[in-house]
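Trainee: Starting off with a structure, shown below.
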Amino acid sequence: MQPARLLFIDDDVAVCDVMRTTLTHRGFEVVCVNSGAAALAALEHEEFDAVVTDLNMPGMSGLELCQRAHASWPNLPIVLVTAFGSMETAVAAIRAGAYDFIAKPIQTQELLLTLTRALEHRKLKAENQQLRETVARFKPPADMIGDSAAMQELYSMLARLATTDATVLITGESGTGKELVAQAVHRSGPHSAGQLVAFNCAAVPDTMLESELFGHARGAFTDAKSNRTGLFLQANGGTLFLDEIGEMPLTTQVKLLRALQERKVRPVGSDREVPFDARLISATSRDLETDVSEGRFREDLFYRINVVRLQLPPLRARGKDALLLAEHFIARFAQQFKKPVAGLQPAAAERLLTYTWPGNVRELQNCMERAVALSQGEQITLEDLPAHVREFEGTKFVLPLENPTELLSMDEVEKRYILQVLQAVGGSRTNAAAALGFDRRTLYRKLKSYGVE
Ligand SMILES: Nc1ncnc2c1ncn2[C@@H]1O[C@H](COP(=O)(O)OP(=O)(O)OP(=O)(O)O)[C@@H](O)[C@H]1O
Ligand SMILES: [Mg+2]
């Protein structure tokens, strides 16, 4: 690491000499000048990490120097050395933009402590600013619609991810946009020059999975007529997207873990290991934490793939995004079907907001495709929506005390409510625990005591 560069200002040459020796000895690079004007000139021409200035100097005072320097270099920490006991100047120093002040005569330990804090503060400030700039520069992908708080959160995560090639796990209910997000992560990251190789782990029989992933050597099994390059190697220099990773059988999971740990794959039937360089993004609509605790998914693999988690909110948690998405799909299908449809009638819009969308964005998309195809007017009406959406009346929560003659114990009330919440979130224990304000362990314990597996 480079030593921190200090600019030290005092009109007393003797003080400068002592401080130069002391601070150099402590690992700083020190430049001393004897007036405010000389300090400003030095700051113009050189980079410094911090400034320590005396207060009382002929010509420009330390306070004025502090004001001027702070105006031009707002991130530069300035420490003022004040005469002992002058609270007023101390307050004035902070107002003038000083980071801190110390009393004269300078105590080396105190100065070092103050400087360490000042430099740490400066570093954090710079890091924060950089992060803010990346986030501000990041535009949500054009094909991703939604400005709800839940989606803003996702965009901000995507922005932070843009400079890394971290391993990402995307989770969320079916149809929430996991594949779309995987594409966005790939496009914005450092591996974007390479290909995105997408593979659905549920789409091939278990017996073929390993040869798909790692490739195989000629003659490895009956149908292996020639060598085959697996997906890991096809994705070299780019990204491998393993969709539905929760469906992978345990035997393949072991091999996947090994490949990820060693950054090498061994094609089926070959004794050669081949290194690969691909980023891994995986996705699942399963509750992997539950699968881990129930032994269906390896915990060590889970930690490997779950480095950065992007949890996609269900559509019903995205408020008015449903309408933005509906308008977006209507415009798209109107163009595709060459129909003069634009927008929704209020009754239809209202229904889209009350319906719970178990199939999420994909269901909404299908629903709008059908509506545009059926539409005979210029706007989508309630009648254009499928019956189960049209007739949907909102979720009914049957509160345990609905029947006042049935007196229940607190435990029974709790049990019924917990089971209702579990059902409402589609069986996801992670989401149920979050809604109930329990940790998952507590939820498990309770479910077990109810005999729920
Ligand atoms: N925010 C969004 N803006 C626009 N289109 C979206 C958005 N989210 C999803 N879609 C569209 O909805 C459809 C479903 O998305 P996607 O296939 O990414 O979901 P998924 O979570 O991978 O679903 P599954 O779990 O069923 O595989 C796609 O056509 C996708 O383009
Ligand atoms: Mg998908």
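The values are calculated or read from the model by the stated rules, or taken from the named source; none is laboratory data. The model shown is predicted, which means the values in this text are computed figures rather than measured ones. Methodologically, a virtual Cβ is constructed for each residue, glycine included, from the backbone with ideal geometry; neighbour enumeration extends over all protein chains shown.
Trainee: Only one of 163, 239, 167, 176 is out of contact with any Ser or Thr (no Cβ under 7 Å at 6 or more places or on another chain), surrounded by fewer than 19 Cβ atoms within 10 Å (Cβ to Cβ) and not small (Gly, Ala, Ser); which?
Mentor: Values: 163 fails: out of contact with any Ser or Thr (no Cβ under 7 Å at 6 or more places or on another chain); 239 fails: surrounded by fewer than 19 Cβ atoms within 10 Å (Cβ to Cβ); 176 fails: surrounded by fewer than 19 Cβ atoms within 10 Å (Cβ to Cβ).
Result: 167 is the single residue among 163, 239, 167, 176 that is out of contact with any Ser or Thr (no Cβ under 7 Å at 6 or more places or on another chain), surrounded by fewer than 19 Cβ atoms within 10 Å (Cβ to Cβ) and not small (Gly, Ala, Ser).
Trainee: Quick check on residue 193: is it more than 16 Å from ligand 2 (Cβ to nearest atom) and at negative phi? Reasoning before the result, please.
Mentor: Numbers: more than 16 Å from ligand 2 (Cβ to nearest atom): yes; at negative phi: yes.
When the stated conditions are applied, residue 193 passes them.
Trainee: What is the number of the single condition among (1) touching a residue at least 40 places away in the same chain (Cβ under 8 Å); (2) crowded, with 16+ Cβ neighbours inside 10 Å; (3) more than 30 Å from the chain's Cα centre (by Cα) that residue 221 does not meet?
Mentor: So the condition that residue 221 fails would be (2).
Trainee: Read through the list (1) within 26 Å of residue 123 (Cβ to Cβ); (2) in contact (Cβ under 8 Å) with a residue 24 or more places away in the chain, then give the number of the only condition that residue 95 fails.
Mentor: Going through (1) within 26 Å of residue 123 (Cβ to Cβ); (2) in contact (Cβ under 8 Å) with a residue 24 or more places away in the chain one by one, residue 95 breaks only (2).
Trainee: Select from segment 253-289 the residues that are at positive phi and not small (Gly, Ala, Ser) and list them in ascending order. Before you say what the answer is, go through the steps one by one.
Mentor: Kept after step one, since they are at positive phi, are these residues of segment 253-289: 263, 269.
Result: 263, single match.
Trainee: Looking at segment 291-309, is at least one residue buried (at least 19 other Cβ atoms within 10 Å of the Cβ) and at pLDDT below 95?
Mentor: No: zero hits.
Trainee: Sticking with this one: Give segment 198-211 a look and list any residue that's in a helix (DSSP H, G or I) and buried (at least 19 other Cβ atoms within 10 Å of the Cβ), or say none.
Mentor: Step one: filter segment 198-211 for residues in a helix (DSSP H, G or I), giving 206-211.
Hits for segment 198-211 are 209, 210, 211.
Trainee: Does any residue of segment 18-34 turn out to be hydroxyl-bearing (Ser, Thr, Tyr), closer than 19 Å to residue 117 by Cα, assigned by TED's automatic domain parsing to the domain that holds residue 103 and in contact with a Gly (Cβ under 9 Å, 6 or more places away or on another chain)? Outline the logic, then answer.
Mentor: Residues of segment 18-34 that are hydroxyl-bearing (Ser, Thr, Tyr), as a first pass: 21-22, 24.
Restricting the remaining residues to those that are closer than 19 Å to residue 117 by Cα gives 22, 24.
Checking the rest, the ones that are also assigned by TED's automatic domain parsing to the domain that holds residue 103 come to 22, 24.
Now restrict to residues that are in contact with a Gly (Cβ under 9 Å, 6 or more places away or on another chain): none.
Checking segment 18-34: not a single residue is hydroxyl-bearing (Ser, Thr, Tyr), closer than 19 Å to residue 117 by Cα, assigned by TED's automatic domain parsing to the domain that holds residue 103 and in contact with a Gly (Cβ under 9 Å, 6 or more places away or on another chain).
Trainee: Looking only at segment 165-214, count every residue that is within 16 Å of ligand 1 (Cβ to nearest atom), touching an Asp or Glu at 6+ places or on another chain (Cβ under 9 Å) and either of a type in the set (A, V, I, L, M) or modelled with pLDDT under 90 (or both) and tell me the total.
Mentor: 8
Trainee: Right, residue 319: of a type outside the set (A, V, I, L, M, F, W, C), within 30 Å of residue 380 (Cβ to Cβ) and over 19 Å from the mean Cα position of the chain (by Cα) or not? Don't jump to the end; show me each part of the working.
Mentor: Working: of a type outside the set (A, V, I, L, M, F, W, C): yes; within 30 Å of residue 380 (Cβ to Cβ): yes; over 19 Å from the mean Cα position of the chain (by Cα): yes.
So residue 319 fits the description; yes.
Trainee: Further, regarding this structure: Please enumerate the residues belonging to segment 13-25 that are surrounded by 13 or more Cβ atoms within 10 Å (Cβ to Cβ) and among the charged types (D, E, K, R).
Mentor: Applying the first criterion (surrounded by 13 or more Cβ atoms within 10 Å (Cβ to Cβ)) to segment 13-25 yields 15-16, 18-20, 22-24.
Answer for segment 13-25, where residues must be surrounded by 13 or more Cβ atoms within 10 Å (Cβ to Cβ) and among the charged types (D, E, K, R): just 20.
Trainee: Now, a different point. Does residue 275 qualify as being free of Cβ contacts under 8 Å to residues at least 24 places away in the same chain and under 29 Å from residue 163 (Cβ atoms)? Quick ask: steps written out before the conclusion?
Mentor: Details: free of Cβ contacts under 8 Å to residues at least 24 places away in the same chain: yes; under 29 Å from residue 163 (Cβ atoms): yes.
Criteria met by residue 275.
Trainee: Could you pull out the residue among 106, 145 that is surrounded by 14 or more Cβ atoms within 10 Å (Cβ to Cβ) and either without any contact (Cβ under 8 Å) to a residue 12 or more places away in the chain or within 22 Å of residue 69 (Cβ to Cβ) (or both)?
Mentor: Working: 145 fails: either without any contact (Cβ under 8 Å) to a residue 12 or more places away in the chain or within 22 Å of residue 69 (Cβ to Cβ) (or both).
Going through 106, 145 in turn, the sole match is 106.
Trainee: Can you name the number of the only condition in (1) at pLDDT below 90; (2) out of contact with any His (no Cβ under 7 Å at 6 or more places or on another chain); (3) over 21 Å from residue 14 (Cα atoms) that residue 96 fails?
Mentor: In the conditions (1) at pLDDT below 90; (2) out of contact with any His (no Cβ under 7 Å at 6 or more places or on another chain); (3) over 21 Å from residue 14 (Cα atoms), residue 96 misses (2) alone.
Trainee: Shifting gears a bit: Quick test of your reading of the structure: residue 328 fulfils all but one of (1) on the phi < 0 side of the Ramachandran plot; (2) at pLDDT below 95. Name the failing condition by number.
Mentor: Condition not satisfied by residue 328: (2).
Trainee: Let me ask you something else. Mind listing just one residue for me: the one in segment 291-307 that is outside any helix (DSSP H, G or I) and of a type in the set (A, V, I, L, M, F, W, C) and, of those, nearest to residue 444 (Cα to Cα)? Even if it seems obvious, please write down each step before you answer.
Mentor: Kept after step one, since they are outside any helix (DSSP H, G or I), are these residues of segment 291-307: 294-298, 306-307.
Okay, now just the ones that are also of a type in the set (A, V, I, L, M, F, W, C), so 297, 307.
Details: 297: 17, 307: 24 Å.
This residue is 297.
Trainee: Moving on to the next point. Please go through segment 170-185 and give me each residue that is within 9 Å of ligand 2 (Cβ to nearest atom) and acidic (Asp, Glu), ordered by number.
Mentor: Hit for segment 170-185 is 179, nothing else.
Trainee: On to the next question. For residues that are more than 13 Å from ligand 1 (Cβ to nearest atom) and touching a Phe, Trp or Tyr at 6+ places or on another chain (Cβ under 8 Å), scanning just segment 290-333, find the one that is farthest from residue 175 (Cα to Cα).
Mentor: Taking the candidates together, the pick is 293.
Trainee: Could you please tell me which pairs satisfy a Cβ distance under 9 Å, a separation of 6+ or placement on different chains, a first residue in segment 158-179 that is part of a helix (DSSP H, G or I), and a second residue that is aromatic (Phe, Trp, Tyr)?
Mentor: Listed pairs, sorted by first residue: 158/138; 159/138; 160/138; 179/241.
Trainee: What about residue 163, is it polar (S, T, N, Q), more than 30 Å from residue 366 (Cα to Cα), away from ligand 2 (no atom under 16 Å from the Cβ) and more than 13 Å from the chain's Cα centre (by Cα)?
Mentor: Judged against the criteria, residue 163 is not a match.
Trainee: Further question on the same structure: For residue 272, only one of the following conditions fails: (1) part of a loop (DSSP other than H, G, I, E, B); (2) charged (D, E, K, R); (3) within 28 Å of the chain's Cα centre (by Cα). What is its number?
Mentor: Status for residue 272: all satisfied but (3).
Trainee: Now for a different question. Given 96, 14, which one is of a type outside the set (Phe, Trp, Tyr) and more than 45 Å from the chain's Cα centre (by Cα)? Walk me through how you get there before you give the answer.
Mentor: Numbers: 96 fails: more than 45 Å from the chain's Cα centre (by Cα).
So the residue among 96, 14 that is of a type outside the set (Phe, Trp, Tyr) and more than 45 Å from the chain's Cα centre (by Cα) is 14.
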